[in-house]
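The values are calculated or read from the model by the stated rules, or taken from the named source; none is laboratory data. Remember, predicted model here, so these are calculated numbers, not experimental data. Here the Cβ is made from the backbone with ideal geometry for all residues, glycine too, and neighbour counts use every protein chain on show.
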Amino acid sequence: MTLFEKMRCLLTFGQGVALPLPELSAGTTPTQLFEQWFNDAQKSGILLPEAMSVSSCNADGQPSSRMVLLKSYDEKGFVFFTNYGSRKSQELAENNKVALLFHWNVLQRQIRIEGTVEKVSIEESADYFHSRDRGSQVGAWASKQSQKLKHDDELKERMSHYQKKFAQGEVPHPEFWGGWRIKPHAIEFWQGRSNRLHDRICFEKENEQWIQHKLHP
Ligand SMILES: Cc1cc2nc3c(=O)[nH]c(=O)nc-3n(C[C@H](O)[C@H](O)[C@H](O)COP(=O)(O)O)c2cc1C
């Protein structure tokens, strides 16, 4: 976020402000359109525009969703970071089909993404891990994400154990912590319009080409 975007975020209490909507030009790829919309969300002053829901399915087909933060995106996909032992990671490892959802209320926009996941490289995970503040790095060691706490103080005790252990020097990147990349095969951009005549632009990948069509609202 630029200083201007941070100020807008503060002045609007993180709610953002509506901005003029760009027209979709022919030949726009979903990544380009995502970039346009994501930039708009950042500029609008919405708090955490990078927050997205990620849905996984367990082996029985039971879906579950939670919020995570988008850390990067490009033609290859959308990346977030987490604990590889967590519930979401176990489900993604069992079933690589995944769905993402962004909602930017003030802009009346949502983006739905469907695809498959793969782990990012260890180097990419380590680079991002070391870019985080020290407390979050130690916290990643302390948290056995998604596992039951044995007692109320367990997390505090684990945190102070790892604070002592890593008191000196760099906090090592834990093998159990890293990124997932969602490789999209379908992306829908939803723009709210008056009289509920919303605009829905869908991109679907066929033979490595993006095919574009619109849907009734
Ligand atoms: C706005 C927001 C952002 C979050 N970002 C992350 C994230 O980037 N990575 C993560 O592991 N958990 C993140 N969380 C916590 C997750 O929603 C979730 O509680 C946690 O990952 C455990 O989920 P699981 O048990 O389904 O694996 C975030 C929560 C919120 C509300």
Across segment 158-192, the tally of residues that are assigned to a loop (DSSP other than H, G, I, E, B) and within 21 Å of ARG87 (Cβ to Cβ) stands at 3
Only unsatisfied item for ASP152, checking (1) over 30 Å from PRO217 (Cα atoms); (2) modelled with pLDDT under 95; (3) surrounded by 13 or more Cβ atoms within 10 Å (Cβ to Cβ), is (3)
Checked against (1) within 16 Å of the ligand (Cβ to nearest atom); (2) surrounded by fewer than 14 Cβ atoms within 10 Å (Cβ to Cβ); (3) in the same structural domain as TRP37 (by TED's automatic domain parsing), GLN90 satisfies every condition except (2)
A careful count of residues in segment 135-157 that are within 16 Å of the ligand (Cβ to nearest atom) and part of a helix (DSSP H, G or I) gives 9
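To keep it simple, each residue is scored yes or no on (1) within 18 Å of the chain's Cα centre (by Cα); (2) at pLDDT below 95; (3) in the same structural domain as GLN32 (by TED's automatic domain parsing).
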| position | (1), (2), (3) |
| --- | --- |
| VAL106 | no, yes, yes |
| LYS144 | no, no, no |
| LYS165 | no, no, no |
| HIS185 | yes, no, yes |
Considering segment 65-81, residues that are under 16 Å from GLU35 (Cα atoms) and in contact (Cβ under 8 Å) with a residue 60 or more places away in the chain, and then whichever is farthest from the ligand (Cβ to nearest atom), we arrive at LYS76
